[in-house]
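Chemist: Questions regarding the structure given below will be posed in turn.
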Amino acid sequence: MISNTRYWLLLFFISVVYIAGLFSTLFENDSAQFAVMAMRMAQENDFINLIKGTNEYLDKPHMHYWLAALSFKIFGLHDWAYRIPGMLAIFLGAYSCFGLGRLLYNEYVGKTAALIFLTSQTIVLSVIDVRTDAVLTGFTIFALWQLTSYINKNFLLNIVLGAFGAGIAFSTKGQIALVVLGLPILCHLAYTRKWIQFINWRVLIGVLVFAITITPILYAYYLQFDLHPEKIIRGQSNRSGIFFILWEQSFERMSGEGIGKNSSDYFFFFHTFLWVFLPWTLIGLFAYYCKVKTFIKLKFKYNPKYEFLTLGGITFIFIVISFAQFKLPHYLNIVIPLFAILTAAYLHSLNVHSKDKTIKIILGIQYFIFALIFVGTTLFCFYVFEFESIISYVLFAVAGVICIYFTLKQEAYAIRVLTIASLASLLLNSVLNFHFYPNLLAYQAGSAMAKVVAKNNIPVDKIYKLSEEHTWSLDFYNQKPVQITKIDALEDIEDSWVYISGDELLQLRDVGLDWDQQYEVDDFRITRLQARFLNPATRKKVIKHKYLIHLVN
């Protein structure tokens, strides 16, 4: 195990990277969209109705938006305030990885699991591009830790805390929380044969706590939808919010009905895992393979030296989500805690059994991954978006010296594996959060135009758009949604500003409208990067523009 000093230093610098991510501009679509939905709650003091733009929002429960709105109430309407609940949930998840890892194995595994969890690429990204999955992941692994503790120790407090965590997770994203929580628990119960733990009065207390915890979102759904059968949601009236969240939601996501289909690739999550668990991907795959091999040898017979919670949970969750017709990479966030514990246990086992040859191979792989990350970050800093200040060059040089020092430092292989992998994550995400994202987000038209609006004191209540295309980042940073109008109505609006695309600009000119002020910003879908954009020589070929014009009446 690495020394306590190094361990806590790594956690400190990881925390700095997370905190730096708090202050990034919000990404479109989901982060900015969810922030605008929470902003409306805070501005109008309406915590019952979930509204997306001008439409009633049925898809997800209220908890994520409530937490963000509460943060706005406390800290003000800032992008970093929106991210605070998600970051705190991720830190709770890290502590829960430690707790569950220690419970299933020992303190060494728990500490390593927390480190692996916090340095996994998709987890770091989840605190920058904050969606509902940050809160879902944190409270799901917390609930899993507490419920597993209850199974092993039979303490009332554990099942109460577990039920509360499960309730918050359900209130964040619905039934998927219970699926990803229930599958590992069932695997643990089936393997340890401790079913008796769920046949006593403590379980009734847990059920009661869970019911109380989810009551607020059920009540909000009831008020918004069940009391208003006349509302048309996705072309249907008489939609029950309670019935939807308790029954229909997961079936819609599995079938793609309602929200649409985006992938029928049953291997989508298998190849997506290759990047979301970086820099630990290959170790995680080795850990999974060896665990499967061990249980096959045991013929799945119970042995107190082993646990089936992580392996079974990962396997069945992968199977379930792979059959969904609507898939996104961040859906894998919920299995990262299980993979972190499984990977930490594998590394511990190699160290305890002195399998230096295997550890040396893993170290070689980590050196290779680190080299790729170093080359990639160098390109980000010196080619894609070149450094513009001496301080940046100095900091990058210092980071390079530190990385080279630990790469060449002669110490135990197991210690070097943990250190090199953690440094790889730190290097990559430091460059992303401090340099790459700030430069990239300059090409997000909505947030870029909001800076123009603020700089020139343009009245936000006079800004209009001509289409129903969402303008989430502009809405958030203006702290007011852009109003929709028609071309033929613009002549009757005094002192109007119009936010438009290049094509719409030509339409206004063709109908004879005139303007005396015009601002232009670059426009690129930054969450869908492509080689031509990353290449400075071809970037202009893929960049479009958005305009803000002041009409002359």
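Coordinate-derived values only; no laboratory data. On a predicted model such as this, the values are computed, not experimentally measured, just so you know. Virtual Cβ from ideal backbone geometry, glycine too; neighbours counted across all protein chains shown.
Chemist: What angle do you read, to the nearest 10 degrees and between 0 and 90, between the alpha-carbon axis of helix 356-379 and the longest principal axis of the chain?
Modeler: Once rounded, one gets 10 degrees.
Chemist: How much of the DSSP beta bridge set in the chain is antiparallel, as a percent to the nearest 5?
Modeler: Numbers: 16 of 21 bridges.
Close to 75 percent.
Chemist: Averaging sequence separations of C-alpha pairs under 8 Å and six or more residues apart, then dividing by the length of the chain, give the relative contact order as a whole percent.
Modeler: This gives 15 percent for the chain.
Chemist: Which aspartates and glutamates does K541 reach when only Cα atoms under 18 Å apart count, and residues fewer than 8 places away in its own chain are ignored?
Modeler: D503, E520, D522, D523
Chemist: Moving on to the next point. Given the pairs K355/K409; K305/K357; K60/K540; K173/K462, which span a C-alpha to C-alpha distance of over 28 angstrom in this model? Display every interim value, and only then the final one.
Modeler: Values: K355/K409 20 Å; K305/K357 24 Å; K60/K540 38 Å; K173/K462 36 Å.
The pairs that break the limit, which is 28 Å between Cα atoms, are K60/K540; K173/K462.
Chemist: Right, something else. Grab the other residues whose beta carbon is less than 13 angstrom from that of K546, score K and R as +1, D and E as -1, and report the net. Intermediate values should be presented prior to the final figure.
Modeler: On the way: positive: K451, K465, R525, K544; negative: E28, E469, D503, E504, E520, D522, D523.
Computed value for this residue: -3.
Chemist: Could you work out the relative contact order of the range 371-442? I mean the mean sequence separation of Cα pairs under 8 Å and 6+ apart, divided by the number of residues, in percent.
Modeler: Reported as a whole number, the value is 51 percent.
Chemist: While we're on this one: Take Q507 and N553, extend 7 Å from each Cα along the Cα→Cβ direction, and tell me the distance between the two endpoints in nm.
Modeler: Going from the Q507 label point to the N553 one covers 2.2 nm.
Chemist: Give the angle, between 0 and 90 degrees and rounded to the nearest 10, that separates the Cα long axis of helix 175-192 from the longest principal axis of the Cα atoms of the chain.
Modeler: For helix 175-192, the angle is close to 0 degrees.
Chemist: How far apart, in nm, are the 7 Å Cα→Cβ label points at E468 and V398?
Modeler: About 5.2 nm separates the two model spin labels.
Chemist: Distance in nm between label sites at N457 and Y289, each 7 Å beyond Cα in the beta-carbon direction?
Modeler: Between N457 and Y289, the simple spin-label model gives 6.6 nm.
Chemist: Same structure again: Just list whichever of K153/K301; K111/K153; K231/K451; K455/K546; K455/K544; K73/K451 have alpha carbons separated by over 26 Å in the model shown.
Modeler: Too far apart for the 26 Å limit: K231/K451.
Chemist: Taking K and R as +1 and D and E as -1, what net charge do the other residues with C-beta under 10 Å from the C-beta of D523 add up to?
Modeler: Residues near D523 contribute +1 overall.
Chemist: While we're looking at this one, here's another question. Considering the values (i) 46; (ii) 42; (iii) 56, which represents percent of Cα pairs over 35 Å apart as calculated for the structure under consideration?
Modeler: Read-out from the structure maps to (ii).
Chemist: Right, next: For A190 and A531, calculate 0.36 nm times their separation in residues minus their Cα-Cα distance, and state this gained length in nm to one decimal.
Modeler: Taking A190 through A531 to full extension adds about 117.9 nm, to one decimal.
Chemist: Now for a different question. Using only alpha carbon pairs under 8 Å that are at least six residues apart, calculate the relative contact order of the range 73-138 and give it in whole percent.
Modeler: The normalised contact order for the range 73-138 reaches 39 percent.
Chemist: Another question, if that's okay. Could you name the aspartates and glutamates whose alpha carbon sits less than 16 Å from that of K297, not counting residues in the same chain fewer than 8 places away?
Modeler: The reachable aspartates and glutamates, counting only those whose Cα sits under 16 Å from K297, are E307.
Chemist: Sort 101-110, 5-14, 52-61 by the packing proxy (mean of other Cβ within 10 Å over each peptide's residues), most packed first.
Modeler: 101-110, 52-61, 5-14
Chemist: So what does log10 I(q)/I(0) come out to for the range 13-144 at q = 0.13 Å⁻¹, using the Debye formula with one equal point on every Cα and no solvent?
Modeler: -0.55
Chemist: Evaluate the Kirkwood expression for the hydrodynamic radius of the range 445-551, namely the inverse of the mean inverse distance over all pairs of different C-alpha atoms, and round to one decimal in Å.
Modeler: 14.6 Å
Chemist: Lys and Arg at +1, Asp and Glu at -1: add these up for the other residues within a Cβ distance under 13 Å of V127 and post the number.
Modeler: Details: positive: R83, R131; negative: D79, D129, D133.
Residues close to V127 contribute a combined charge of -1.
Chemist: To the nearest 10 degrees, how steep is helix 413-431 against the longest Cα principal axis of the chain, on a 0 to 90 scale?
Modeler: 10 degrees
Chemist: Would you work out the charge dipole size for the chain about its Cα centre, treating the Cβ of every Lys and Arg as +1 and the Cβ of every Asp and Glu as -1, and quote it to the nearest 20 debye?
Modeler: 3180 debye
Chemist: If R0 is 41 Å, what FRET efficiency do you get for K301 and E230 from their C-beta distance, rounded to 0.05?
Modeler: Values: r = 59 Å, r/R0 = 1.44.
Efficiency computed from Cβ-Cβ geometry: 0.10.
Chemist: Given the peptides 536-544, 436-444, 469-477, arrange them by the average over their residues of other C-beta atoms within 10 Å, most packed first.
Modeler: 469-477, 436-444, 536-544
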